[in-house]
Every structure is written in structure tokens, then in C-alpha cells.
Amino acid sequence: MRKLICLVLLAVAAPTSAGTSHWTHASEAEFKKGTFHNVVATNLGELKMSRAMKLLLEQDAQVSSVYALAEAPDGTIYAATGPNGILLSIKGDKATPVVKLEDANIFSLKFDAKGALLIGTGGEKGRILRLEKGSDKPVEVFAEETVQYVWAIQQTPDGNIYAATGPNGQLWEIKPDGSKSVMFDCDENNMLSMVSDGKDLLYVGTDPNGLIYRVNRKTKDVFVLFNAAESEISALALDAKGNLYAGTAQASDGPEAEAAQIAATEKIGRPESNDATTPIPSPPHKEPQPPSLPEPTPGEPAPIPKAPAKDPKVQPLFFMEPSNLTALFRDAEGQKGPMPPGTKPKKHRKPTTSPVRPPRTKIAPDAANSGAPAPEGNAIYKIDPSGFVTEIFRQDALVLSIVEHEGVLLVGTGSDGLIYEVNPAEEETSVLAKSDSKQVMCLLPTRDGRIVMGLANTGAVSSMSSGFAPEGSYSSPVLDATQISRFGKVHLHGTLPKGTTLTLATRSGNVRDPASTGWSNWSDEASAIEYVQVPSPTARYLQYRLIFTSTDVKSTPSVDEIDVAYQVPNLPPSVKAIKVIVAATNDERAKAPSRIRNISWEPSDPNSDLLEFSLYFRSQGTGSWVLLKDTLKDPTFDWDTRGVPDGRYEVKVVASDVKANPIGEGKTASRVSESVVVDNTPPVIGDVKTKITGNSVRVDATLADRTSTVAGCEYAVDSHDDWQDVAPSDSIYDSPAETVSFVVDKLSPGAHVVMLRATDDHGNQSFESVPVNIPGDASKQAK
């Protein structure tokens, strides 16, 4: 029974026990980061052997791409190539040039009703040539000034030939008498793909708006079956039930990452110590015997065994690294080349379709007027005879070729060179093989049961058998523990059918590139069991390799999960920054400053250990540290400073991973804050003197603060909330002691109160009432 939950690769997984981390591979996406030889990663998250592959045509300097294949009645295979217009004839395993067309690509091939080969070309001029059996001199059948590419050719039972062309999006009809006409001129640039129902209907896929047209060649009626979200309809196929399958090949740009670093200007404290020693932990205790597990259900493939056989004798097999290939027909991202000189892009009309949604069916996206971005990757859409569209395949790949074969679809893709089998009835997709060439341009099921493939980047022709390859290998990507680590066991989960074997080897190093000098050699091949100890030396980087073998072409080992345990020695945590700020008060009416200091810090731990924190304080530069709070879990604390005298203090944060590690292996780190001023006492107002002159009074006073500087002084008369600022005698508030002298005039006769308010640098305020009596008759003044 297959797993329903797929795991992902965790570069540095969170420990499941003290010091133990895991790399886990269990998905197609993570397996694809490795290196394959006759092994594939399926969309179900399995590693298994691919179909057997055999090169029929090695890389040729004159051939960069094989665009089309066709099989003659006698079994001879013809291959259309570029960029030098070479037509190849393949008999057995030998390829022979038959025709060479200067300055042209051969994009399409089709045998006509009389057994002659029709050849569609592209370049400065697109043509259709006919090559009679036994001849090496093709005759021109079709050429037009408006045509530069003949992308696809079809012939109908009445002998008419139809050409899908570019860059002006024209469908041409060529009759047996040689007459020709444009059957359909659309607003698209290219008609890239075409298929005939063998009667009156032609289906055409276009670029750049991803339209699929149905053309009735008798009535000349044209109908848009579907408007795909992708820009190119690159491949079309029909099955016996009249279902149309359309593949897309829209290239997408890779994401561009930009990193910006901002210089820190805040004071964040300083380390208390630079001690960062890293001892290697002692070896683990002997593992207990695992409990026995039930045997597999009868009839299911045998799982990878829990223990080795009594006398395993497994020899390492041939291992091949795929070559680094150069893209030719398309570049590495699948981008097409520029339009030919003089070509003008067409204005595009975007037809719309409105497929009906049935219950429990995935509806294919329709780009027309949707305003939504196209989904990622490329798709194969199924259009049934009634016109209903469903998406049956989507991968992050270019769909370059589709053939319907024995009720399933064979799909050639780029840019990873994967060949898929899609079963529309069962809604299943599986990977059959992976070509070292990055693009599978065309597929041809032959009469002898093989699948022949035309490839780009190497310009090769290869065949794929119906059975699994006899041997294959998979090498993981380089795994980075981030620190020198010791390696534990590899946990394998999968199946080993009768007649198959699976072995594991590892190697390690302390530089990222395994090809560099200094990596260990591959270990001896170990027979696959459920848990295999990694024998490679302690290091930062690790790589594993699996070798698959089978004596039965119908059976393959399968691995659906690989878990590698490793142990990073415990490293000390760190506190990168510590800040102490005055906490904001929740009461907007409050006049007094907050006595709360918010302490926050930025901890980290290279082992991802859970940390605890302790806070200490002391008078700046002197005295012993006093514990403020311990066993804190969160990196923040509110300190009520009313419990300490005014003065300057330092705060220290100690981070500890002791509880997350075995006894004796815990580490601590600390950081000390910058100076923290605690000032909860207001200034003192003293030496108050008054001198009355007429209706005025002069007030002199001294203001003093024992911790910080005096920041200001104001006065108000008779308790009115109308404060007037007063300048100090030296015109600047810049010291703990200041004197003020000011005159209040125009006072009415009688008693008054002059209220003084002094404020220090931390917002503390004090008040002093100064009574004043102005001589005169206050009663008369009142009247």
C-alpha cells in the first residue's frame, strides 16, 4: 500500500532527540535533485529503474536536434534533424544520411498514401518535399513566400496534404494535382501542431495564445475548441474514441533572488565571553533490539529486509554520471529563438470558451478574459468529443511530444528529458525513463515494440524497451550538516521483488564539491536492509548512492523513503543583540514617566535547541551580578525599576541549552547591555526667594537632580493650568543643577500662588508652591 503522506528534504531538521537530526527524501521534487542513470523518480515519490534505453544515433556534430520520426512499411525509421537539414535513415542500430538540405531544419515527416516520404522544412523558406522510395533526391511539392516553417503535415484519404505553418499562422491545402490554397489564416503567429481524424476534421494548436482550432476541411468551418492558459500548443494526439489530447510548452523564467543587507545602527550590547569550544560528543549507547514488525501482506512485493542475508555477496555495478549537455533547439530554460528578420508579430484576437463543470472533475483553466495568472508548469488537456475539457497532466516541464499507444499516452518532455506514461482512464501518471538529453522532441512506437525517441541538445536517436533496464544507479545531492558531524544509520523503505537487488554506498567530505580532492572514497556496497550504518568518516557533507539491479525485465526495486540520521556536536547558543528601552504606558493621561524597562534580546542556536534565559543586573562596572529572573522561555522581560536605587546599571542575558542536551554537554552564552540609567526621582526645587515690587514679583530658585540633568522649568499663577516656560540663568539646561530667575507682573493686589514645575531628563517632575501677597486694597480691585 502506497504512502499517502510525502515528506520533504530538511537540510537541517529539528532534532528528534538530543543532538540527532535527519535528512529525509520521500518526494519526487527532492529525489530530482540527485543524479540518475537508468533510474527515475516518479510523481508518487518513488525511485525505481527506468525502461532500458539504447542509443541508435550517437551525438553528431552536424545534428543538434531530432524534430520528427517516421517509420516506413519495411521498418526503416527516418529522422528529421536540424540545423543542417539532414534526413537520416535508421536500420537496426545504424543511422545513414539520406538527404542534406542546406540552411534548413527538417521539422516534420509524413508518409503519404503511396509510400513516399513528405518532408516539411523551416528556415528562410518553408517547403514540403516528397522523397520517393529508393531515391535520394526529394522533389518540391509546396513553397510559399509567406511561409518560413512547416511545423506539421497531415494527409487525408482523398490525397490532400495539409501544412501547419508559421510565422503567419496559415493552414495550407495542397491537392493531388499540385494546386494549393490557404484554407485558414488565423491571427496567431504559428500553427505548431496538427492531427487529423482521418475524415474531414483537422485539429490545430497555435502559438502565442495557446488556441486549439477545429477545422472542417470540407465546409471550411473553424471553431476554437479551447484557449489554454499556456502560450504554446506544442503537441496533439487523438485516441480511438475521438478524445483529443493537447500538450503545452510555455517556457517560464527562473526566479531571480535579490538580497539586501542593512547596516545595524542600534546599540545591541556586547558578548561577555568569546569562548566557543566545540568538543565532539561521546559515542552513543548500544541501541536496543527493535520490536518485530508484521510481515507484508501475501501477494505484495517483498519489502527491503530488516537484516542482511547470511552470506551477502554483492558486487558494485557500473556507474555513469550524466554529461553536461548544451541546449540547441531550445536553450536551457526552453526559450525559443528570435523571430526571423522581417517577421511582424500579428495582432491577436482572444477567443473564449466556457467548458461546463461536471461533478468531481478537475476543470482545465481557461486563460481568456480570466485575469488570473497561468498555472505553473505545463499541462496535457483532454478534450472529449462533446468539447468538454479536463486537465490530466501537469508538470514543471515542456510537453514536446505526445503519442497515443495501446490506450495510454507516451509523453516526451524537456528540460529534464523525462518520458511519462499517462493513463487517462485511470488518471495515473508514471515516469518511464529519463534521457541524458534534456529534451525529448518526438516519440515513435515501432512495429517491433520499441519506442524510438528523437532528442535535442545531443541530437541523438534512442530507443526504449518495454521492460526495465538491467541495472541503474541514483546518487543523492550533497547533504550539508552545516557542521562536522557523525553519521548514524540510513533508514530505507521500499520493495525488493524476487530477482532484484539494491545496494547502498556513501562518501563524505568537508568541502562542498565531491569532485574535489579530500572527499573519502565510496564505501563498499552494502546490501539494502531496513537500517544501514553509514561507514563514511565524520565530516560536514555526505552523499549516498543506490545501485539497482534486476534479472527480470518486469521487476524493479523501489525506494519510497530514505532517511539519514546524523549528529551535530552541541554548539553554544548565541545572543546577538540586547536592548533596554522605556516601556510605553497604556494610560495616555498619565503624567509620570513609565518605571518599566522592556528588555529584549535576539537568541539563536546552531543546533536548534530549545533555550532558557536568565537575566542579571549590577551597577555599571562594579559589584556582583544580581539575578533578576531565571528560566525564561521568551526573549523579552519587563523590568520594574522601582525596586532599585537610581543610578547606572548593566543588564546581562544568559542563554542556556542545558536542558536540551545530555548532562555535561550543555552550553551557555551571554551578552551584556549598554549602560541603562534608572532615574525614578524628580528634581529638587530649593533656595526659593521672592521679591515684590509694585504689582510684580521676582522669583529665584535652584533646581537639582541627583541622577540626571535638569531638562526644564515652568510656572503657573494661582493654580491655573497655563504653564509658562522659564529659561535658566545660563540660558541652557545642561547640568544636574540649574538656577532660574523670572518676574511675574501685572498681579492684582492680594494673595497669589506661583507654582513651579521642574522636569529632569527622564521625565520625572516635582512641584513647589510659592505664596505671594501683593500690597493694596484687594476689595477695591475686585470692585
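The values are calculated or read from the model by the stated rules, or taken from the named source; none is laboratory data. As the structure is a prediction and not an experimental result, all values here were calculated from the model. Note that we place each Cβ from the backbone using ideal geometry, even for glycine, and neighbour counts take in every protein chain shown. Ligands, DNA and RNA are stripped out before the accessible areas are found, and what is left, the full protein with its side chains, is counted by its heavy atoms. Shrake-Rupley method; radii C 1.70, N 1.55, O 1.52, S 1.80 Å.
Descriptive notes on the structure:
- Cα-projected label distance for Asn773 with Asn510, points at 7 Å along beta-carbon direction, nm: 9.2
- Amide hydrogen proximity for Phe393: with H placed 1.01 Å from N in the peptide plane, the residues at 5 or more positions away or on another chain lying under 5 Å are Ile380.
- For the range 425-502, the relative contact order works out to 16 percent when only alpha carbon pairs closer than 8 Å and six or more residues apart are counted.
- Share of carbon and sulfur in the accessible area of the range 133-197 stands at 45%, probe radius 1.4 Å.
- Reference-scaled alpha-carbon Rg (2.2 N^0.38 Å with N residues) for the range 634-783: 1.67
- Normalised convex hull volume, the range 486-574, alpha-carbon set, Å³ per residue: 119
- Ellipsoid equivalent to the range 85-199 - semi-axes via the Cα gyration tensor, in Å: 23, 17, 13
- Taking every Cα-Cα distance in the range 177-225 and sorting them into 5 Å bins starting at zero, the pair-distance distribution P(r) comes out as 5, 20, 29, 26, 14, 4, 1 percent.
- Cα centre as origin, Lys/Arg/Asp/Glu Cβ charges: the range 677-783 dipole, Debye: 640
- In this rough spin-label picture, where each label sits 7 Å from Cα along the Cβ direction, the Lys691-Asp136 distance is 12.7 nm.
- Take 480-486, 768-774, 162-168 and order them by the average number of nearby Cβ atoms within 10 Å per residue, most first; the result is 162-168, 480-486, 768-774.
- His491 contributes about 50 Å² of solvent-accessible surface, heavy atoms of the protein only, 1.4 Å probe.
- Derived from the Cα gyration tensor, the three semi-axes of the equivalent ellipsoid of the range 66-123 are 18, 14, 8 Å, largest first.
- Simple label model, 7 Å out from Cα along Cβ direction - Tyr531 to Asp396, nm: 3.4
- Measuring r between the beta carbons of Ser465 and Glu428 and using R0 = 22 Å, the FRET efficiency lands at 0.60.
- Share of carbon and sulfur in the accessible heavy-atom surface of the range 376-510 [1.4 Å probe, %]: 46
- One Cα centroid belongs to the range 387-407, the other to the range 562-626; the line between them spans 57 Å.
- Calculated on alpha-carbon atoms, Rg and Dmax of the range 649-738 in Å: 24.7, 85
- Average accessible area per residue (Å²) across the range 401-472 - probe 1.4 Å, nucleic acids and ligands excluded: 31
- Peptide ranges 178-189, 141-152 listed from the most packed, as the mean C-beta count within 10 angstrom indicates: 141-152, 178-189
- Our note on the geometry: Cα centres of the range 198-252 and the range 152-171, 13 Å apart.
- Hull shadow area, averaged, the range 706-783 [alpha-carbon convex hull, nm²]: 5.8
- Carbon and sulfur %, accessible surface of the range 589-729 computed with the full protein complex present, 1.4 Å: 48
- Among 625-638, 595-608, sorting by the average number of other beta carbon atoms lying within 10 angstrom of each residue, highest first, gives 595-608, 625-638.
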